[in-house]
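These notes are about the structure you will find just below.
The values are calculated or read from the model by the stated rules, or taken from the named source; none is laboratory data. For clarity, every value in this text was computed on a predicted model and none was experimentally measured. Virtual Cβ from ideal backbone geometry, glycine too; neighbours counted across all protein chains shown. To get the accessible areas, we keep the full protein, side chains included, count just its heavy atoms, and leave off ligands, DNA and RNA. Shrake-Rupley method; radii C 1.70, N 1.55, O 1.52, S 1.80 Å.
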Amino acid sequence: MEMIKFEQRDHVGIVTIDRPKALNALNSQVLDELNEVFDSIDLNTVRAVVLTGSGEKSFVAGADIGEMSNLSVEEGEAFGKKGNDVFRKIELFPIPVIAAVNGFALGGGCELSMSCDIRICSDNAVFGQPEVGLGITPGFGGTQRLARLIGPGKAKEMIYSAKNIKADEAYRVGLVNNVYPQAELMDEALKLAGKIASNAPIAVRACKEAINEGLQVDMDKAIVVEEKLFGKCFKTEDQIEGMKAFLEKRKVEGFKNK
Ligand code: DAK
């Protein structure tokens, strides 16, 4: 792969979008490689993923405007589908994905971060949906995920005005969970991913599924989703060990993902 780098450290996978000269803008090749890298992650050993961009200026400055500018209607639809498919793959990826937003997260970049489970960012991060200034709507789920994450009022303000917000405001409105100095961002992302990876993997995956599925249905159905996933944890080796360790007043001897 030319534009995506992958590294595994213990149980954590690190996916880096590596097209810094174009501020990591998403062209077809980046989207294809992003799709490929998520398909290739070994879910037997990787328990959490950190997604970030190369360099200190940009996470992803949006979909590639140069590539989009000449698309026909059919090609525009195909490009949109390519992006939506990979973003949805990340959103539904069986294990948690943390976006470490290291600078600009504009348009498709903001949307990519929102397809991740958790967002943290550097203090120079800038979020925004500038699409209406380009004559288009957000197209990789921006109108949907932003409104769900920060509420319709603030999402509408950001989308209609195409006004960017800085890291402190992104934190204030709940778009990111934490803001760190740029130099500390990756360490903090890896620390969080490592903490997640140290917990029972089957239970963590079930939590992701329960939250994602439960949010799509009413509360009566949502608690049934949770009950079923809760039930599935029983008699796993990790449930037996987790509870045994508590009762024996000792630390868990490493969860096995079984
Ligand atoms: N696409 C392509 N190239 C980009 C880019 C982008 N989005 N953003 C930056 N670059 C390139 C610049 O062209 C420049 O390339 P060279 O001229 O050096 O060859 C290089 O990155 C450095 O950028 P700047 O020189 O502009 O750097 P500055 O620090 O001055 O400014 C900036 C940084 C992020 C403020 C500025 O680059 C900027 O405004 N970039 C565009 C941001 C933007 O508007 N992003 C949203 C793109 S629209 C849909 C699907 C998807 C989408 C829509 C619909 N459907 C399915 C319907 C998604 C839309 C978008 O994401």
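Some observations on this one:
- For the set 82/166; 208/244; 89/232, the pairs lying more than 27 angstrom apart at their alpha carbons are 82/166.
- Working ranking of peptides 196-207, 82-93 by packing, defined as the average number of other Cβ atoms within 10 Å per residue, highest first, is 196-207, 82-93.
- Equivalent ellipsoid semi-axes, segment 129-184, via Cα gyration tensor eigenvalues times 5, rooted, Å: 22, 13, 10
- Relative packing of 47-60, 64-77, which averages over residues the other C-beta atoms within 10 Å, highest first: 47-60, 64-77
- Placing unit charges on the Cβ atoms of the charged side chains and taking the dipole of the chain about its Cα centre, the candidate lying farthest along the positive direction among 26, 76, 170 is 170.
- Of the chymotrypsin sites (Phe, Trp or Tyr not before Pro) found in segment 207-247, those that fall in a DSSP loop while having at most 11 other beta-carbon atoms within 10 Å are 234.
- For segment 100-113, the Karplus equation 6.51 cos²θ - 1.76 cosθ + 1.60, evaluated at θ = phi - 60°, returns couplings of 9, 8, 9, x, 4, 9, 10, x, x, x, 5, 5, 5, 4 Hz by residue, with Gly and Pro reported as x.
- Fraction of beta bridges assigned by DSSP in the chain that are antiparallel (%, nearest 5): 25 percent
- Directionally averaged projected area (segment 1-121, Cα convex hull): 6.8 nm².
- Surface share of carbon and sulfur [accessible, 1.4 angstrom probe, percent] for segment 1-81: 49 percent
- Per residue, the convex hull spanned by the Cα atoms of the chain measures out at 138 cubic angstrom.
- Here the Debye sum runs over all C-alpha atoms of segment 65-175 as equal scatterers in vacuum, and log10 of I(q)/I(0) at q = 0.15, 0.18, 0.21 Å⁻¹ comes out as -0.63, -0.90, -1.19.
- Label sites at residue 224 and residue 156, each approximated as a point 7 angstrom past Cα along Cα to Cβ, lie 3.4 nm apart.
- Alpha-carbon centroid distance for the pair segment 5-56 / segment 190-240, whole angstrom: 24 Å
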